[in-house]
1. Using 1/(1 + (r/R0)^6) with R0 = 22 angstrom and r between the beta carbons of B:K24 and B:K166, what's the FRET efficiency to the nearest 0.05?
2. For the rotation taking chain A to chain B, which residue of A has the Cβ nearest the axis, and how many Å away is it?
3. Can you list the copy-to-copy distances for A:D68, using a point 7 angstrom from Cα toward Cβ, in nanometres, shortest first?
4. Quickly work out the B:K241-to-A:Q38 label distance, labels modelled 7 Å from Cα along the C-beta direction, and quote it in nm with one decimal.
5. In square nanometres, what is one fourth of the surface area of the convex hull spanned by the alpha carbons of region B:338-415?
6. If I model region A:52-180 as equal point scatterers sitting on the Cα atoms and use the Debye formula, what is log10 I(q)/I(0) at q = 0.12 Å⁻¹?
7. Computed from the mean reciprocal separation of all distinct C-alpha pairs, what Kirkwood hydrodynamic radius does region A:354-495 have, in Å?
8. Are there trypsin sites (Lys or Arg not before Pro) in region B:50-94 that DSSP puts in a loop and that have at most 16 other Cβ atoms within 10 Å, and which ones?
2 protein chains.
Amino acid sequence: MRVLVLVLVPLLLAAQADALDLEKLTRHVDGRVASYVQTLREWVAVESDSSDVSKRPELHHMMNLTADKLRSLGGKVEMVDIGLQELPDGKSIPLPKVVTAQFGEDPSKHTVCIYGHVDVQPAKKEDGWATEPYNLTDINGNLYGRGASDNKAPVLAWIHTVEAYKALDMELPVNVKFLIEGMEETGSNGLEAMIIAQRDTFFLDVDYIIISDCGWLSRRPALTYGTRGNCYFFAEVEGPKQDLHSGVYGGTVIEPMTDLIGILGEYTLISPSGKILIPGIREAVAPFSDEEWKMYQDIEFDMENYKEKLGVKDLMYNNKVDLLAHRWRYPTVSIHGIEGAFSASGSKTVIPAKVTGKFSIRQVPNMDPATVKKQVTEYLHSVFAKRKSPNSLKVTMIIGAKPWLADTQHSLYEAGKEAIKKVFQVEPDLIREGGTIPVARTFQDVTEKSIIMLPIGGFDDGLHSQNEKMSRYNYIEGTKLFIAYLHEVAQIKKV
Amino acid sequence: MRVLVLVLVPLLLAAQADALDLEKLTRHVDGRVASYVQTLREWVAVESDSSDVSKRPELHHMMNLTADKLRSLGGKVEMVDIGLQELPDGKSIPLPKVVTAQFGEDPSKHTVCIYGHVDVQPAKKEDGWATEPYNLTDINGNLYGRGASDNKAPVLAWIHTVEAYKALDMELPVNVKFLIEGMEETGSNGLEAMIIAQRDTFFLDVDYIIISDCGWLSRRPALTYGTRGNCYFFAEVEGPKQDLHSGVYGGTVIEPMTDLIGILGEYTLISPSGKILIPGIREAVAPFSDEEWKMYQDIEFDMENYKEKLGVKDLMYNNKVDLLAHRWRYPTVSIHGIEGAFSASGSKTVIPAKVTGKFSIRQVPNMDPATVKKQVTEYLHSVFAKRKSPNSLKVTMIIGAKPWLADTQHSLYEAGKEAIKKVFQVEPDLIREGGTIPVARTFQDVTEKSIIMLPIGGFDDGLHSQNEKMSRYNYIEGTKLFIAYLHEVAQIKKV
């Protein structure tokens, strides 16, 4: 009994101290709301649109702001040169530097690396914004502005987390590193090479990587444990050596567009109800287990709201589990468009000579891009061969990004569940993203570290869309979540 | 016997006089070659591109040049104001005036009206021209330049015809009118209203309309007796209220592109070998008679050359009669492209919210655009209904141009055959155009006059393409053909 007391008392005391610390930190955050919003306003005011090269000076300025902020908290900050960006006209301009920072290097503690980005999607008032996109505007507790949710507020929430400890002169429970980039919205140009180059330096002592570049599914906080990959195909049908007038030549040549539409069309790629018809694709998908079904069943998701948001009469599936499963853990085929055909408004009587159909297949476990490439290529060629067309078909896979999936029982996720329970008093939704977040897969493949996606963005934040916002609630409570999360991570047994 | 002599002698004398006249005129033409080429050079030098509004001053200048030329020959010339052209930005600019001219008004003679145009398609050296497109360049007897064959040389050949009579102080065998427009290449904007307005004035005494805005099929001279019409359709499938990210939303919505490709695809509009599958379309086509088959069989046409010119491995039909029949007297379906989908280079993971497929069906006797509209609309809706899609389909016919067909036994065509025999010592090919020449149909419907298409362009002139040319041979012998043709027309019995 005494032995037990001897063991338990320090544990209880530690837990009590921890609870007290958290309470102090939380109170600090509550006292800093106006200042946090002001910093977000300053960051949103920088038009760090990475897709528009004319905005490159703003983007460089944004990286400097980020570095300054991290430096002001006493971090060991570096601005890593990741080289040049080649432009379509053959010129090159410098990529925005990647900002890395380090707070603490106690070998007895875990080291986490926070990944985020401070570049944004394009935005113009006339696109349909109710407010000036680069002037953060508070309406009923929602902070409207481009980049507010994607990804400036989450990056700041992590910085405020560190700042809170510094302000209270408290020791960080884990070592914290930052890796903040400025090209995420245009494909993280230069990042993979940088990660590879720093695998044995910056990443050497990193235990866990945390990504907060996504959102919840509903009003309930969530942990994200998977993203789909993507295989993007070009199917190019080539016929006459140049475009022909359809009046003069129509009826004498087998037209490439007829061939292309034929091989992409009904009963080839995907059935009217959404069933993928390419042999072998569906068979590769990991079976949907009963536990998974149960997990999906527990997720908070409003079908009617989703339908209304998209503006469609009916969804592909009329029950929550099937719908979410096909959004996250089943493959799907999307036909994006055709290059080389007439695509302007008005009418043109052309027989396009060479047309390239573009479609992609979202990847999920246990699909393998190399196998998918083979399946799609062989299938399209076999369908095309049946047409006995004099035209030629070339199938190319131009992107082959693998899906990413984490183990929701991993201690990183258990820590996340605990932190969410402490801050929000609920169990989190365990969700996936239908899209591809290639950096997660890159981190995993290159560094072999464990990764968690810990979102604080709202389900209706309008990323990449007009009227993007971050709610004040998510921004502030999100900061508290990050603080609580670091405490939970500190308690993971060191191995 | 005496009676017969009394009747025959004046006829023989007249025929002899006519032959002498023709010989003198022919000799005159041969003596003017350098001057004719020089005039064509001056006309080609005017960049009268009607599609480029920045070239509008050049186009106005071209109309003035044409009027001056006709005036210099003593014609009664008018420049008819046909109003304004509305531009996409809402502004309006004046249309080029239509030039009309009249030579002779002897009521005992026939009156012909020559239709032509002096505007051109765009051309730039860097498009792949071997020579400067607006600098007429003579290479081995071919006169290269934009608009040389389409339609400046034929218009000039008609003007030279009149000029030859004037120069030799000979009376024109028929009254000759001209109607020369400057908007043909962009759809003859304003012309139909002008023709309607002048139906009972300018056109009142016109007996025949002659169009020389087409070409031969081979090296053998031809008469053109038909053109196909065209029904142009938009099939618009609309789904979500805005474009969606295919990663985030793919698998939860029935995508409009899948629907559109499905209803345009294999076994819907047209089979892989070119058979139209829309019910009722093939049934409406006028039967292919044995006489017609024979006529097609007699046409000079080099399949290998055609195949090589288009750069295709195989044509839709491997025998001359079927190929030409499907080029001219059978309908065909061409899918031109899709508006609203991704059409640029590169990859984009978009689910387009609204996509408009554009296709057209060439019209031949006895198809009726109103019926075709109904057949296509009902068929597409029935195919779409089977998909049970939540998206909506809207089918619109935006052009419904009827085919045009002349009677090859008509005295106008008999006159053409005679003239060709006299100038070229061969029987002409009787051919059609696969494309639509709407002005022919407009003339026929509005004025109810008989029309002939009398081409002098070569089969390989490259209209609308790079390296357009008119051969010196066709230009000069074409002028002689026009002279001979007027003589033949003069001999048509006045009714």
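Each value in this text was obtained by applying a stated rule to the coordinates, not by laboratory testing. In this text the structure is predicted, and so the values were computed from the model without any measurement. Virtual Cβ from ideal backbone geometry, glycine too; neighbours counted across all protein chains shown.
1. With R0 = 22 Å, the Cβ-Cβ based efficiency is 0.95.
2. For the rotation taking chain A to chain B, the closest Cβ gives A:G265, 1.
3. Result for A:D68, in nm, nearest copy first: 6.8.
4. 3.8
5. Mean projected area for region B:338-415: 8.8 nm², to one decimal.
6. -0.57
7. Numbers: mean 1/r = 0.0527 Å⁻¹.
That comes to 19.0 Å for region A:354-495.
8. Answer in residue order: B:K91.
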